[in-house]
Amino acid sequence: MTIRFPLLTVLLGVAGLLWHGVLAADTLIRDPSALARSQPMADEVLVIKSERRLYLLREGEVLRGFDVMLGGQPEGHKQREGDLRTPEGRYLLDFRNRNSEFFLSIRVSYPSPSDRLRAAERGWAPGGQIMIHGLPNDRRYPEHYYLSQDWTEGCIAVADADMIDIWLMTPEMTPIEIRP
């Protein structure tokens, strides 16, 4: 897939709509489809682990890109519960949680049937609850700690402001591809 970077107007457009009171932030978090009436929505999410980047795509073009932090052992595909790896492969964003331990979270549909089978063949639990999420609501460390290193148990973490954009620009069941 070729990634093309068009003129990025999404951020300015949303900021303008919020500034003029057309869309209230609370409304957008509760109903992300409200954004679709004013801005393009992503039809796919791409995470490139080696770049520590998440891209929101529409028809193969990048709408936005974000820095990410991964699991504490980021290299390789998640094999089992507790391995601190972020999975690799194709999944869906299948559930949203406004009341997460982190600033918003969207679940990645890991484990897939093949992930479950691979783990079962080795006698392991595959793990689960892989999310894209913001920073912890109850922080033990300063914010720069969370934004400067891989620290999750296998999730994809972003800055809180970035999580708002991801939340608003991805409808439920958006495909996500996580590459090495």
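Just so you know, all these numbers are worked out from the coordinates, no wet-lab data involved. Quick caveat, the model's predicted, so the values are computed rather than measured. Because the Cβ atoms are built from the backbone with ideal geometry, glycine has one as well, and the counts that use them run over all protein chains shown.
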Item to check | Spin-label zone in region 71-91 - amide nitrogen under 16 Å from a point set 7 Å from the Cα of L117 along the C-beta vector | outcome: 90
Checklist entry - Local charge sum around L147 (other residues, Cβ-Cβ under 13 Å, Lys/Arg +1, Asp/Glu -1)? => result -3
Next on the checklist: With both bridge residues required to lie in region 42-179, what share of the DSSP beta bridges run antiparallel, to the nearest 5%?
Outcome noted: 80 percent
Checklist outcome for this item: Net charge near I178 (other residues with Cβ under 11 Å of its Cβ; Lys, Arg +1; Asp, Glu -1) is +3
Checklist entry - Magnitude of the Cβ-charge dipole of region 42-179, K/R +1 and D/E -1, about the Cα centre, nearest 20 debye? => result 320 debye
Item to check | Sorted peptide list for 48-55, 124-131, criterion being average Cβ within 10 angstrom, highest first | outcome: 124-131, 48-55
Next on the checklist: Take L92 and E61, extend 7 Å from each Cα along the Cα→Cβ direction, and tell me the distance between the two endpoints in nm.
Outcome noted: 2.7 nm
